[in-house]
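Note sheet for the following structure.
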Amino acid sequence: MLGSICAAFVGAVVLFTVLRTSQAPNALRASEEAAHSAEVERRARRMDSRREARHRVERSGTATVLGDAQSKAPCRIVNASRSGLRIASARSFRQGAQVHVQWGDRFFVGTVCHTVAHGDESFCGLQLLTCNYSRPPGAWFRF
């Protein structure tokens with residue numbers, strides 16, 4: 001009889017442990033989803049408060065960190081405004097780095113404000129430091 005009670009107790013402990021562990025990943029997943037949703041909302045609010053309009057762009061170019069010739073990497077210009085560019089590249093650029101983006105005879109030098117990895121690409125937001133064009137980006141990207 002004592003053996004049956006001990007076996008039942010051990011069985012209950014094992015069952016409790018299994019049930020408790022199977023709920024932990026769900027709790028973790030729920031907290032990750034909540035954190036992701038909060039971040040998406042925060043970014044949406046920030047994007048709504050942008051000072052300038054973004055112009056969708058599809059141009060290929062090269063991006064290089066100033067002072068590091070080995071960092072040259074192909075990139076795509078995703079969007080542009082009067083004060084910045086958003087590029088996509090297989091290479092990630094650290095926040096604060098100064099990046100030179102070249103396409104054709106045009107160039108843009110900007111500071112990396114943020115970098116977001118998505119799939120096998122890294123999207124970087126660059127704030128304008130200098131460039132060699134004077135017209136608004138929408139005018140020269142839309143031909």
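Given a Förster distance of 22 Å, report the FRET efficiency between Arg59 and Arg82 from their Cβ-Cβ distance, rounded to the nearest 0.05. If you can, show how the numbers build up before the last one.
Details: r = 17 Å, r/R0 = 0.76.
Once rounded, the FRET efficiency stands at 0.85.
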> How many nm is it between the label spots at His118 and Trp103, if each spot is 7 Å from the Cα in line with the beta carbon?
Replying inline: 1.6 nm
> Taking the Cα centre of the stretch 54-143 as origin and charging only Cβ (+1 Lys, Arg; -1 Asp, Glu), how large is the dipole, in debye to the nearest 20?
Replying inline: 300 debye
> For the stretch 55-141, what's the relative contact order in percent, using C-alpha pairs closer than 8 Å and at least 6 residues apart?
Replying inline: 27 percent
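What is the order of His55, His100, His114, fewest Cβ neighbours within 10 Å to most? Let's see the in-between values first.
Working: His55 16, His100 20, His114 13.
With the sparsest Cβ surroundings first, the list reads His114, His55, His100.
FYI, it's all coordinate maths here, none of it is from the lab. All values reported here derive from a predicted model rather than from experimental measurement. Neighbour counts are summed over all protein chains in view; Cβ atoms, including those assigned to glycine, are modelled from backbone coordinates with ideal geometry.
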